[in-house]
Amino acid sequence: MPQKKLFFTKISLKIAVGGLIKAIDTITFGSPIKISSKVEEVIKTCARGGKYIHAPEYSLPAAVPLKNVDSFIFSAKRIGRIQ
């Protein structure tokens, strides 16, 4: 995450990025709590100034549990309102 912090605080002035949460590792096999924690970390690091698009690294595999998809989506909505 140090490179992402450097990128978003010093380098990125006009660039938006997305797909910073791994679909296979985190969303497919992680718990909803782990997913929520990762979403919060990424949003707090990268979303300042509106330069982050909330999306998984790749498309979500069919094996992703629905509770994990819900955690990915609703954590971003909750955290986005906090900022």
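Assorted remarks:
- Set Tyr52, Tyr58: member being surrounded by 15 or more Cβ atoms within 10 Å (Cβ to Cβ) and at pLDDT below 90: Tyr52
- Val64 vs. criteria among the aliphatic types (A, V, I, L, M), surrounded by 15 or more Cβ atoms within 10 Å (Cβ to Cβ), at negative phi and not in a loop (DSSP other than H, G, I, E, B): no
- Of all residues making up region 19-33, the number that are in a loop (DSSP other than H, G, I, E, B) and either within 22 Å of Gln3 (Cα to Cα) or among the β-branched types (Val, Ile, Thr) (or both): 3
- Looking across region 39-56 at every residue that is touching a helix residue (DSSP H, G or I) at 6+ places or on another chain (Cβ under 9 Å) and either part of a loop (DSSP other than H, G, I, E, B) or of a type in the set (Ser, Thr, Tyr) (or both), the one that is nearest to Gln3 (Cα to Cα) is identified as Thr45.
- Test: Lys77 is part of a helix (DSSP H, G or I), loosely packed, with under 15 Cβ neighbours inside 10 Å, among the charged types (D, E, K, R) and at pLDDT 80 or above: yes
- The listed residues are Ser36, Ser59, and the only one of them that is outside any loop (DSSP other than H, G, I, E, B) and polar (S, T, N, Q) turns out to be Ser36.
- Among the residues of region 15-44, those that are touching a Ser or Thr at 6+ places or on another chain (Cβ under 9 Å), crowded, with 17+ Cβ neighbours inside 10 Å, at pLDDT 85 or above and farther than 16 Å from Arg78 by Cβ comprise Ala23, Ile27, Gly30.
- Count - residues of region 55-83 that are out of contact with any Phe, Trp or Tyr (no Cβ under 8 Å at 6 or more places or on another chain), under 14 Å from Leu20 (Cβ atoms) and not hydroxyl-bearing (Ser, Thr, Tyr): 5
The values are calculated or read from the model by the stated rules, or taken from the named source; none is laboratory data. Bear in mind the structure is a predicted one, so any value in this text is a computation, not a measurement. Every residue, glycine as well, gets a Cβ built from its backbone with ideal geometry; the counts of neighbours run over all protein chains shown.
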